[in-house]
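Trainee: Pasting a structure here, questions to come.
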Amino acid sequence: MKKLIGVLIILSFVGCKTKNECSYQKPIDRNDGLNVSTLEENKLDTAIFNKLNHDICKGKYGNIHSLLVIENKDLVIEQYYNNWENDRLHILASNTKSFNSLLIGVAIEHGYIKGVDQRMLDFFPEYENLKKDSLKNKITIKDLLTMTSGFQWDEQSLPLTDSNNMGRQMDQTEDWLKSSLELSMDTVPGTKYVYSGPNTIILSEIIKRSTGKNIAEFAEEYLFEPLDIKEYNWFSKNGIYDGGGGLSLKSRDIAKYGLLHLNKGKWNNKEIVSEKWIDEIFSPYIEIHHPVYACYQWRMVKTVYGFNAWFITGNGGQIINIIPKLDMVIVINADNREIPKDKREPLEYLIQDIIKIHLE
């Protein structure tokens, strides 16, 4: 196994540290599988980006670490801020959840898993007693992927720093799988969307039970090696991997991952996962709130511009945004956990400004 490289997210003073941070830098060809180009070569609006870049440097959007944009399959923006560097691993936080949906598809297509309609408890025979709960016994892989498992769960009403937050309480348990599987039921599986980290803990363990490899090992063989991703860190506790938020990658490698989805599962003309599975991942399953829909871990939004975009977000300001209509991937890494919302503009506004580079 490749060496796992640790990562430390350091809060830094928001603002430009060097002149180069606040000027457009042409992405460097690092021979890592990403084609590079420039805004000018792709006829994108440089004036809009220069203003946007200046706003980022002034701290308008908080403590941004990196911004990468792929347009027409080329990396055209690769900017680092607040002393962040291209070779540092960045925690993806809840962006990690989307890796479960991709890797479940890989496991299905390689014959390890029969399909998304397999029941959750079939993978955990030692929890046979849980089948007595008629609702829990109905939970399928699809229910876990779409956040409609029916568990009684709430990790969003209270801040993550609150000791009563269910997500924080789960983090402090010694056996994440046991604690997840034994959650009480609230609704019929498949009928109600509830954002739930335990869903992804269970999905990661389903990958382990079906393939014989933990999610990091499985990802390394079927995803990271084909994408030439050489360094990563995936946090685990007592042998259970944090499939909900524990992965760290370099910013460029996150961009590769986004581009793989834009390319319908292909990387350098090699199929990592089928186009059919990517389409299934991105199919809207249930409305969260208008105009946002839940897919397989990802979310789809009907934008004000008239086209759909798919995105996933992570605590602190991690965003992967895929816009097939514009042939665009946007990756943002940040750490806004300690910056009050009234002291910065929402990152959704930053996304809208980036899109304008293409539309203007």
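The values are calculated or read from the model by the stated rules, or taken from the named source; none is laboratory data. In this text, all values refer to a predicted model and were calculated from it rather than measured experimentally. Cβ sites come from the backbone with ideal geometry, for glycine too, and all protein chains shown count toward neighbours. These accessible areas exclude ligands, DNA and RNA; they are computed on the full protein's heavy atoms, side chains included. Shrake-Rupley method; radii C 1.70, N 1.55, O 1.52, S 1.80 Å.
Trainee: Where the Cα atoms of segment 166-277 are projected onto their three principal axes, how long is each span, largest first, in whole Å?
Mentor: Here the spans come out as 45, 32, 27 Å, largest first.
Trainee: Give, rounded to the nearest 20 debye, the magnitude of the charge dipole that the chain has about its Cα centre when Lys and Arg contribute +1 at Cβ and Asp and Glu contribute -1 at Cβ.
Mentor: Values: 43 positive and 49 negative charges, 27 e Å.
So the magnitude is around 120 debye.
Trainee: Which ³J(HN,Hα) values in Hz, rounded to whole numbers, follow from the phi angles of segment 228-244 under the Karplus curve 6.51 cos²θ - 1.76 cosθ + 1.60, where θ = phi - 60° and Gly and Pro get x?
Mentor: Using θ = phi - 60°, the values come out as 6, 8, 9, 10, 7, 9, 10, 5, 9, 9, 6, x, 9, 8, 7, x, x Hz.
Trainee: Based on alpha-carbon centroids, what's the gap between segment 167-244 and segment 54-100 in Å, whole number please?
Mentor: Here the answer is 24 Å between Cα centres.
Trainee: While we're on this one: I'd like to know which of Ser248, Val273, Pro284 lies farthest towards the positive end of the charge dipole of segment 227-297, counting +1 on Cβ of Lys and Arg and -1 on Cβ of Asp and Glu.
Mentor: The Cα lying farthest towards the positive end belongs to Ser248.
Trainee: Also, I was wondering about something else. Considering the options Tyr127, Met147, Ile113, tell which one lies farthest towards the positive end of the dipole of segment 111-157, charges being +1 on Lys and Arg and -1 on Asp and Glu at the Cβ, about the Cα centre.
Mentor: Comparing the listed Cα positions along the dipole, Ile113 ranks first.
Trainee: Would you kindly calculate the translational diffusion coefficient of segment 213-360, applying Stokes-Einstein with the Kirkwood radius from alpha carbon pairs, for 37 °C and a viscosity of 0.692 mPa s, and quote it in µm² s⁻¹ without decimals? Working shown, then result.
Mentor: On the way: Rh = 16.8 Å.
So the translational diffusion coefficient is about 196 µm²/s.
Trainee: Carbon and sulfur: what percent of the chain's accessible surface (1.4 Å probe)? The partial results should precede the final answer.
Mentor: Numbers: 7420 of 15740 Å².
It is 47 percent, rounded to a whole number.
Trainee: Let me ask something else about it. Given that just one value was derived from the coordinates, which of [x] 67, 47, 34; [y] 55, 50, 38; [z] 62, 45, 43 is Cα extents along the principal axes in Å?
Mentor: [z]
Trainee: Can you tell me the FRET efficiency between Glu225 and Asn42 if r is taken as the Cβ-Cβ distance and R0 is 22 Å, rounded to the nearest 0.05? The partial results should precede the final answer.
Mentor: Values: r = 30 Å, r/R0 = 1.35.
Efficiency at R0 = 22 Å is approximately 0.15.
Trainee: A further question on this structure: Each label point is 7 Å from the Cα along the Cα-to-Cβ direction; what then is the distance between the points at Ser274 and Arg168, in nm?
Mentor: About 4.5 nm, to one decimal.
Trainee: Something else about it: Grab every C-alpha pair in segment 159-217, bin the distances at 10 angstrom width from 0 up to the longest one, and report whole percents.
Mentor: Pair shares across the bins are 19, 45, 31, 5.
Trainee: Given H placed 1.01 Å from N in the peptide plane, which residues other than close sequence neighbours of Leu89 have an amide H under 5 Å from its amide H?
Mentor: Here nothing satisfies the definition.
Trainee: For segment 84-164, what is Rg from Cα atoms divided by 2.2 N^0.38 Å, rounded to two decimals?
Mentor: Details: Rg = 16.7 Å, N = 81, 2.2 N^0.38 = 11.7 Å.
Normalised by 2.2 N^0.38 Å, the Cα Rg of segment 84-164 equals 1.43.
Trainee: Work from the charge dipole of the chain (Cβ charges, +1 for Lys and Arg, -1 for Asp and Glu, about the Cα centre) and give the residue of Ile320, Leu44, Leu92 farthest towards its positive end.
Mentor: Positive-most Cα among the choices belongs to Leu44.
Trainee: Oh, and also: When the chain is fully extended, how far beyond the present Cα-Cα distance does Phe307 get from Asp87, taking 0.36 nm per residue of separation?
Mentor: Working: separation 220, 0.36 × 220 = 79.20 nm, distance 3.39 nm.
Stretched fully, the Phe307-Asp87 segment lengthens by 75.8 nm.
Trainee: So, in nm, how far is label Gln352 from label Glu182 when the simple model puts each one 7 Å beyond its Cα toward the Cβ?
Mentor: 4.7 nm
Trainee: Specify the residue with the greatest mean-square fluctuation among Asp143, Asp29, Asp342, computed from a Gaussian network of the chain linking alpha-carbon atoms under 10 Å apart.
Mentor: Answer for the Gaussian network model of the chain: Asp342.
Trainee: Something else: With θ set to phi - 60° and the Karplus curve 6.51 cos²θ - 1.76 cosθ + 1.60, what are the ³J(HN,Hα) couplings of segment 321-331 in order, to the nearest whole Hz, using x for Gly and Pro?
Mentor: 10, 10, 10, x, 4, 9, 6, 10, 10, 10, 10
Trainee: Quick check: residue separation of Asn233 and Asp55 times 0.36 nm, minus the Cα distance between them. What number comes out in nm? Each step should come with its number before you reach the end.
Mentor: Values: separation 178, 0.36 × 178 = 64.08 nm, distance 3.13 nm.
Full extension of this stretch gives 60.9 nm more.
Trainee: Which whole-Hz couplings ³J(HN,Hα) result when phi for each residue of segment 24-39 is put into the Karplus expression 6.51 cos²θ - 1.76 cosθ + 1.60, θ = phi - 60°, listed in order with x for Gly and Pro?
Mentor: After applying 6.51 cos²θ - 1.76 cosθ + 1.60, I find 5, 10, 5, x, 8, 6, 9, 6, 10, x, 8, 7, 10, 8, 10, 4 Hz.
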